[in-house]
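Each reported figure results from applying straightforward, stated rules to the coordinates on display, with no laboratory input. Computed from a predicted structure; not experimentally measured. When we count neighbours, we look across all protein chains shown, and the Cβ atoms used for this are built from the backbone with ideal geometry, even at glycine.
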Amino acid sequence: MKNKLKDCTFFWNMTADFLNHYLPDVRRTSNNTVETYRNCLNRYIDYLEQEKNIRRKEICFNIFDREHLKEYMTWMNKAITLSPKTCNLRLTAIHSLLEYVAAEYTDLMAVYMESCTIKSIKLLQKPIEFFEMEAMSALLRTPDIHKKSERRNLMLLIFLYDTAARVSEALDVRVCDLHMEANIPYVTLLGKGRKYRNIPLMKKTQEHLKHYLDEFHGQNNTMESPLFYAVTHGIKHKLSTDTPEKMIKKYAKEAAHSYVAMPEYVHCHMIRKTRAMNLYQEGIPLTHIQQLLGHENLSTTSGFYAFATLETIAKSLEKANPSVTDKAWKKQETLEKLYKL
């Protein structure tokens, strides 16, 4: 029997099965995730060919050892200066492939265990990017409601904020995914891992949606139509992700001209974070925010959103340090507190 570690055909067959069958059919990962993993693995193969002079037909699992992976991480980080996040993502894809192969063939478990000793690059924790309420309100006021496309854009902004949906989730919503006649109106979102979740719709959003549906889906309406769409050559099709990203940058720029403070770099995902942050500041339990966001683990939610904002810190400090009037300095009790070790 041929050694699987050095069997090139075995490597290519197992990697193809991992990407084309295991991830989409067994793990039920999204198409975007599959393509991301495919790209990450191809980048390692390119590295082996171009930097290590290992021909593609000679690549096998034997070259996924600790030494090669350690050199690859160093090369990505130092030689071509990729971001730590990109380096870690590529390492994760390799780990996932090796974990899958080791589960199928236990004699390759040693390779997987060895790869796990290569640690990801530590990331600097950056403040969460979100819109302050004044900025969020300004964004919602910016669309020119005299134009039909702008009314669609306004509805998209409202929908993104109310549901805290990812942009891809919002653009995948069809008319049939809205349940406006339910006791508690809601929308069904298809999230990461092809998992569905139901998000209640607030009353104001329901009102906006009813007007929007009448205007954009009133005639020749099909329940399978994308909720947010464009028309090309008379055919409705869902918006590309570029459309909302260009939209929000345009509106942020216009709002800034009205002297509203805006973050330097804006993107649609910030609306999702804004909604989560607002709910957190209102005292909504993290478990509820976790369900809204579609996070599988509570640690993901708490890691991103459970921190004190400047406003929260300031209010806490004010409570902990009440203002002291001039007369207070003369009180014996105050003097005793001050003049103690």
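Treating cross-link reach as a plain straight distance, find the aspartates and glutamates whose alpha-carbon is under 12 Å from the alpha-carbon of K195, omitting any fewer than eight places away in the same chain.
Filter leaves E169, E296.
Which of the aspartates and glutamates could be linked to K204 by a straight reach, that is with a Cα gap under 14 Å, when you skip same-chain ones fewer than 8 residues away?
Partners within reach: D162.
So how tilted is helix 203-217 from the main axis of the chain? Cα-based, degrees 0 to 90, rounded to 10.
On a 0 to 90 degree scale, this one is about 60.
Which order results if H288, H267 are arranged by neighbouring Cβ count within 10 Å, fewest first? Please list the in-between numbers first.
Numbers: H288 11, H267 14.
Fewest-to-most ranking of H288, H267: H288, H267.
What are the residues whose amide H is under 5 Å from the amide H of S225, where those residues sit 5 or more places off or on another chain and H is modelled from the backbone?
Here the answer is V175, C176, since their amide H atoms fall under 5 Å of that of S225.
Taking the alpha-carbon set of the chain, what are its Rg and Dmax in Å?
26.3, 92
Over the chain, calculate the relative contact order: mean separation of alpha carbon pairs under 8 Å at least 6 apart, over the residue count, as a percent.
Numbers: 326 pairs, mean separation 49.4, N = 341.
Reported relative contact order: 14 percent.
How big is the C-alpha Rg of the stretch 133-307 next to the rule-of-thumb value 2.2 N^0.38 Å, as a ratio? Mind showing how you got there, number by number?
Values: Rg = 16.2 Å, N = 175, 2.2 N^0.38 = 15.7 Å.
Normalised by 2.2 N^0.38 Å, the Cα Rg of the stretch 133-307 equals 1.03.
In sequence order, what are the phi-derived ³J(HN,Hα) couplings for the stretch 35-43 according to the Karplus relation 6.51 cos²θ - 1.76 cosθ + 1.60 with θ = phi - 60°, rounded to whole Hz, with x for glycine and proline?
Per residue, the Karplus-derived 3J(HN,Hα) values read 5, 5, 5, 4, 5, 4, 5, 5, 5 Hz.
Determine the calculated [θ] at 222 nm for the chain from helices alone, applying -39500 (n - 2.57) to every DSSP H run no shorter than 4 residues and normalising by the residue count; nearest 500 deg cm²/dmol. Write down the numbers at each step before the final one.
Values: 16 runs with 182 residues, N = 341.
After summing the helix terms and dividing by residue count, I get -16500 deg cm²/dmol.
Cβ under 12 Å from K204's Cβ, K204 left aside: what net charge do those residues give with Lys, Arg +1 and Asp, Glu -1? Working shown, then result.
Numbers: positive: K203, K210; negative: D162, E207.
Residues near K204 contribute 0 overall.
Exposure proxy check: L140, L286, L123 ranked by fewest other beta carbons within 10 Å? Mind showing how you got there, number by number?
Details: L140 13, L286 17, L123 10.
Least to most surrounded, the residues fall as L123, L140, L286.
By how many degrees, 0 to 90 and rounded to 10, does the Cα axis of helix 269-281 deviate from the longest principal axis of the chain?
It works out to around 50 degrees.
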